[in-house]
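The values are calculated or read from the model by the stated rules, or taken from the named source; none is laboratory data. All values reported here derive from a predicted model rather than from experimental measurement. Methodologically, a virtual Cβ is constructed for each residue, glycine included, from the backbone with ideal geometry; neighbour enumeration extends over all protein chains shown. Accessible surface areas use protein heavy atoms only, side chains included; no ligands, DNA or RNA. Shrake-Rupley method; radii C 1.70, N 1.55, O 1.52, S 1.80 Å.
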Amino acid sequence: MLVTWDFLKGYSQEIPLPTDVRTPEVIDLYTREFKMKSDTEKIRIIYENYINSNLNLYKNKYPYNLEDGVYHYVLWVHPGFEKGCNIKTVENCLDKFLKELEYNDYIYFENHKDCKSILNVKHYQVFFK
């Protein structure tokens, strides 16, 4: 499935994403490198690679199959900061980051619980163009 900006704008996190939002190649990489690991291993990978402050924004290593001109990042929230993290905090972080890159339009959401490969570390899917 090609994920378009219009699809993302209309997506409701109340329902699971389609299973084919990634290409078969990315699904294979994601499965081999991450999805099949234990929760303990997943958390170790996230801490070693993605969490070093309260909010951590990184290009998604396993991106959705997006139409040209749409970029996919993940915003990781340090577990010790979850209670202090609200919509305003997230949007301030994204506004600052995207202003530096000269982008203005973004969409973000938490995946539906059935689509999360890791439940213990809060994170958001972030898309911009």
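Things to note:
- A probe of 1.4 angstrom, applied to the heavy atoms of all protein chains, finds Leu57 with accessible area near 40 square angstrom.
- Karplus (6.51, -1.76, 1.60) ³J(HN,Hα), θ = phi - 60°, over the stretch 56-73, in Hz, Gly and Pro reported as x: 9, 10, 9, 4, 5, 5, 10, x, 5, 7, 9, 5, 4, x, 10, 10, 10, 10
- Of all DSSP beta bridges in the chain, antiparallel share, percent nearest 5: 95 percent
- Selection from Tyr58, Phe7, Gly69 lying farthest towards where the dipole of the stretch 1-102 points positive, charges on Cβ: Tyr58
- Whole-Å semi-axes of the chain's equivalent ellipsoid (Cα gyration tensor): 21, 20, 14
- Low-density loop cleavage sites - GluC sites (Glu not before Pro) in the stretch 12-62, where at most 15 other Cβ are within 10 Å (DSSP): Glu14
- Among the GluC sites (Glu not before Pro) within the stretch 58-119, those in coil by DSSP and having at most 10 neighbouring Cβ atoms inside 10 Å are Glu102.
- Accessible surface of Asp95, taken over heavy atoms with a 1.4 Å probe and every protein chain present, rounds to 80 Å².
- For the chain, the per residue solvent-accessible surface stands at 61 Å², with DNA, RNA and ligands left out and a 1.4 Å probe.
- For the stretch 34-88, the calculated P(r), taken from all Cα-Cα distances in 5 Å bins from zero up to the bin holding the longest distance, is 4, 16, 21, 22, 19, 12, 5, 0 percent.
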